[in-house]
Amino acid sequence: MEISYLSRKNLNLTSLLRNPHYYLSSLVFSLSPKSLPSLSSTPQTLLFPKPSPTPFLSFTQLHTNSFSDSSCPLISSSGSSSFPSTPYPSSQFSNAHNFRWFRSFSTSSSGPNASPKQISEIINMIRSGDDDLHSKLNGLNVSLSVVTMNTIFRILNYEKISALLFFNWIRQSRPEFYHNSDICSLVIDNCGILDDFDSMFSLLNDFRIHGICLNQKAFGYLPVMISSKAATKKSICKVVEVLNKIGGSYGGGSYGVSGIHILIELLCDLGSFEMANYVIGKTEKRLSNYNILIKGRCRRGQFEEARQILYEMIKVGCNPNAQNFNYVLSCLCKNDKTAEASQVLKQMLESGCRPDALTFEIFICYFCRLGKIDMALEWLNKMESSRIEPRATTHAAFIKCYFELQQYQEAHRYVIICCDKYKNVSNMVYSLLASLHRKRGKPDIAQNILFEMMEKGLKPNFALYRTVRKHLQKSGREDMAIKLERGFSSLILQSTVDKG
């Protein structure tokens, strides 16, 4: 349970203690805007319900989508800072998810958790700032869980008390917690609250050396400052300076970039796009930074603003790649904005950015959702003539569309042709075809599809084979189930012999 401190002017410690976010390389491609199928005749209402916003348009869910020593001390023994403390309020935490650039580690301690009274005693020890904190904490002889430690950090952050000595004790006396994402993120947040960016740098550099990754809570103190633009910019400048330093002279390029990513995404989640732009302006112009900004706009339905980002990128000499364009195209098509999607596609081509397999898939999936299989096939033909191989999810979109239209023979014919052209997806398309027949209550047809697979030397998915066999048995077709079992066993045996 996440705890909100800012909603209370007076902290009731006892009651508080009891309530303890794809990458595809562009392929070589040359295409003119006029050669693409027109979207002008597309109806403005999807026949299928609109899905909830996700990063990219997909018709199916079939995506089977050493360090050097630190040159800086971790912290001083006194926990002091060369920066003066500022009156920034503490962070208000929400259930923030970990982002793709940061891993989360889960650990737990043995023994019972400390009682609220013991936790209160620990906080009082830390509050007093005694130099013998380590020996006092060790003398308590209590077990602290991750949840308990998180609570302690949150209280310290609320009261603007330095948590460095406590964190140093964790590092030395409870090393199993040292790699915990939340704990390490909260101590960074503590440094931000106290404007102690020297310690923040030392900690981040140490985390980089030990491969420790953070999450959004590391910058939790920033949300409460959004109302104060000047204060937020000042703090962001200091954070960016630290992250740039980590990613520059200390050889931690990817670590510094990841920190910038999480900072931009946090600001986008808060709807503070002005500040997110400010961060991008203070760092190296990276496509990945702009992509986070585009995602944030699209998730809020701000498609025109997302398109403007593409123009801004070109203006500052950071030309968008297929990934940047694909995200905007996907979101526009999902929201039935085909006219705007056509304009973005034209902009993509005119900018010299070559569409990749996903670009075509976005439009193919859109037309498949509408049941316009002929228009989807036009895009597939254009894709193949451009020597771009369709993704497995593109083939799945066609097969599912045929089933939605109850054109089962056409679906089968598509699978056969697909297998002749693209050997690498043969197992997937055949398995999908058999699975869809089984789901519509036709296990006998599913069995025939599996037999056809095996005759071509293709091994069916075991879970699918077992499900079809059981379905046949339950429906009283024991003879067909036995025949399927023998065929599958024979294929496995032959495969074993060939390998031997």
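Here each label is just a point 7 Å from Cα along the line to Cβ, and for ASN141 and ARG466 those points are 5.1 nm apart.
Round to a whole number: what % of the accessible area of region 325-414 belongs to carbon and sulfur, probe 1.4 Å? Mind dumping the intermediate values first?
Working: 1210 of 3110 Å².
For region 325-414, the apolar C and S fraction of the accessible surface comes to 39 percent.
Write down the accessible area per residue of region 164-230 in Å², having rolled a 1.4 Å probe over the full set of protein chains.
Details: 1510 Å² over 67 residues.
With the other protein chains kept in place, region 164-230 gives 23 Å² per residue.
Surface exposure of region 371-450, expressed per residue as accessible area with a 1.4 Å probe, stands at 45 Å². Measuring nothing but protein heavy atoms, the accessible surface of region 275-320 at 1.4 Å probe radius is 44 percent carbon and sulfur.
State the percentage of accessible surface on region 123-240 attributable to carbon and sulfur atoms; use a 1.4 Å probe and exclude ligands, DNA and RNA.
Working: 1680 of 3390 Å².
For region 123-240, the apolar C and S fraction of the accessible surface comes to 49 percent.
Assuming R0 = 22 Å, what is the FRET efficiency of GLU384 and ARG413, from their Cβ-Cβ distance, to the nearest 0.05?
In this case the efficiency is close to 0.85.
Along each principal axis, taking the top coordinate minus the bottom one, the Cα set of region 108-183 gives 28, 25, 23 Å in descending order.
The values are calculated or read from the model by the stated rules, or taken from the named source; none is laboratory data. Fair warning: this is a prediction, and the values are worked out from it, not measured in the lab. Cβ: placed from backbone, ideal geometry, glycine included. Neighbour counts: every protein chain shown. Ligands, DNA and RNA are excluded from the accessible area calculation, which covers all protein heavy atoms including side chains. Shrake-Rupley method; radii C 1.70, N 1.55, O 1.52, S 1.80 Å.
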